[in-house]
Amino acid sequence: MIAENIIYVQDRITAACRRTGRSPEEVTLVAVSKTKPVSDILQAFECGITNFGENRLEEAAQKLPDLAGQALRWHMIGHVQSRKSDEVAALGFHLIHSLDSVKLARRYSRFAVEKGITLPVLLEVNVSGEATKSGWIAYNWEKDDAVRLTLWHDIEVVLTLPGLDVQGLMTMAPIVENMEETRPVFQSLAALRNNLKQTFPDRNWQHLSMGMTDDFDVAIEEGATLVRIGRAIFGERE
Ligand SMILES: *Cc1c(COP(=O)(O)O)cnc(C)c1O
């Protein structure tokens, strides 16, 4: 099942790239293995998947050591409480997608400096405006000066912190009936990235982490470089 699902997902990625003249190599598939057993992860790995996403510290802390020695790249995609930041940072994630506050950034930075390492991170932003989502509030950032000022100020602070390698932005689109409805959210994130690129041109804004099982085709059409896909690969979660 997992092998067939992966082929199906990869075909959809390729098709979305083709529709917009992108190369499939620009898009990294992150298989979201949360709640799924290590045996499922190994099956996906045998099919050539090397990037895996987890959203909870406790679960990641159990799985990562079991798979140490494999050439896996782990992505932290879930909200991290500040008091757990050291434990998350110590797990050695390839990329932390969910940096969502200045407070958390300061803690990661302090940990990285203490350990003499650099933490690769994405800034999670909430462009849809849903109250239940984490991330910096960026709803209507193009028109709302107050939102933009706060956001710019916070990002400027984060960019000055040592030990963090900010590589781009991450967002989650709302759950909708028709995936086409998510397009404005992805467009807004891409526009925000382009704007930040102009404002902070000497920094790296290469990544847009957006798109999940129900909307990744649209996200890729709008410029996603990382898609985080769980159910379409591993099946429904309990
Ligand atoms: C669970 C999760 C995903 C994957 O969702 P699916 O709908 O299973 O593809 C992606 N991103 C985040 C942040 C998640 O928590």
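The values are calculated or read from the model by the stated rules, or taken from the named source; none is laboratory data. These numbers come from a predicted model, not from an experiment. Neighbour counts are summed over all protein chains in view; Cβ atoms, including those assigned to glycine, are modelled from backbone coordinates with ideal geometry.
Here are the numbers:
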| quantity | calculated |
| --- | --- |
| Test: residue in region 98-106 that is over 22 Å from Thr171 (Cβ atoms) and surrounded by fewer than 15 Cβ atoms within 10 Å (Cβ to Cβ) | no |
| Top-ranked residue of region 220-238 - restricted to ones that are within 11 Å of the ligand (Cβ to nearest atom) and either acidic (Asp, Glu) or in a helix (DSSP H, G or I) (or both), ranked as surrounded by the fewest Cβ atoms within 10 Å (Cβ to Cβ) | Glu236 |
| Whichever residue in region 204-219 is polar (S, T, N, Q) and part of a loop (DSSP other than H, G, I, E, B) and, among such residues, is nearest to Leu29 (Cα to Cα) | Thr213 |
| Residue count for region 128-155, restricted to those that are surrounded by 12 or more Cβ atoms within 10 Å (Cβ to Cβ) and closer than 30 Å to Lys115 by Cα | 7 |
| Qualifying residue in region 14-25 (condition: within 16 Å of the ligand (Cβ to nearest atom), closer than 17 Å to Leu208 by Cβ, buried (at least 20 other Cβ atoms within 10 Å of the Cβ) and in contact (Cβ under 8 Å) with a residue 12 or more places away in the chain) | yes |
| Breaking point among (1) free of Cβ contacts under 8 Å to residues at least 24 places away in the same chain; (2) under 20 Å from Glu26 (Cα atoms), for Ile137 | (2) |
| Output for region 199-219, where each listed residue is closer than 12 Å to Ile13 by Cα, within 11 Å of the ligand (Cβ to nearest atom) and charged (D, E, K, R) | Asp215 |
| Count of region 157-189 residues which are surrounded by fewer than 18 Cβ atoms within 10 Å (Cβ to Cβ), without any contact (Cβ under 8 Å) to a residue 40 or more places away in the chain and assigned to a helix (DSSP H, G or I) | 7 |
| So Asp40, is it away from the ligand (no atom under 16 Å from the Cβ), charged (D, E, K, R) and at pLDDT 95 or above | no |
| Any chance Gln10 is more than 13 Å from the ligand (Cβ to nearest atom), crowded, with 16+ Cβ neighbours inside 10 Å, under 16 Å from Arg228 (Cα atoms) and free of Cβ contacts under 8 Å to residues at least 60 places away in the same chain | yes |
| Residue within region 74-86 that is closer than 22 Å to His207 by Cα, in contact (Cβ under 8 Å) with a residue 60 or more places away in the chain and among the hydrophobic types (A, V, I, L, M, F, W, C) present | yes |
